[in-house]
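Working notes, structure below.
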Amino acid sequence: QRKKKDTTMNDEVINPDHYNRNGIEVIDVIETYTPNSPQLANVLKYVCRHSYKGKPLEDLRKAQWYLTRAIENLEE
């Protein structure tokens, strides 16, 4: 089992603010809900951070691109 990160550390590589909201680590959500789908993992990543990195529309477009790719993969 993965060791929980120290959520008090403010490190832009290990624990960036845009991936931790209200004590919830985005990586934990991603690993829980998308264990076998890298496309859906990226959808969650970009949706979760879109309001915190200064380019919300760009991040939502990236999420849309990954969601479209996931749908296309299921349709094949």
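The values are calculated or read from the model by the stated rules, or taken from the named source; none is laboratory data. The model shown is predicted, which means the values in this text are computed figures rather than measured ones. Cβ coordinates were reconstructed from backbone atoms using ideal geometry, including for glycine residues, and neighbour counts include every protein chain displayed. Side chains are part of the model used for accessible areas, which takes the heavy atoms of the whole protein and leaves out ligands, DNA and RNA. Shrake-Rupley method; radii C 1.70, N 1.55, O 1.52, S 1.80 Å.
Scanning the range 36-54 for residues that are in contact with a His (Cβ under 6 Å, 6 or more places away or on another chain) and outside any helix (DSSP H, G or I) yields a total of 2.
Cβ-Cβ distances below 8 Å connect the following pairs, each with a first residue in the range 50-70 that is touching a residue at least 12 places away in the same chain (Cβ under 8 Å), a second residue that is open to solvent by less than 100 Å² (accessible area, probe 1.4 Å) and of a type in the set (Ser, Thr, Tyr), and a separation of six or more residues or different chains: ASP59/TYR46; LEU60/TYR46; LYS62/TYR46; ALA63/TYR46; TYR66/TYR46; ALA70/SER37. Annotation: of all residues in the range 54-76 being surrounded by 14 or more Cβ atoms within 10 Å (Cβ to Cβ) and not hydrophobic (A, V, I, L, M, F, W, C), the one that is nearest to ASN22 (Cα to Cα) is ASP59.
All of (1) touching a His at 6+ places or on another chain (Cβ under 7 Å); (2) modelled with pLDDT under 90; (3) open to solvent by 60 Å² or more (accessible area, probe 1.4 Å) hold for GLN1 with one exception: (1). Considering only residues in the range 35-47 that are free of Cβ contacts under 8 Å to residues at least 12 places away in the same chain and closer than 14 Å to ALA63 by Cα, the one that is least open to solvent (accessible area, probe 1.4 Å) turns out to be ALA41.
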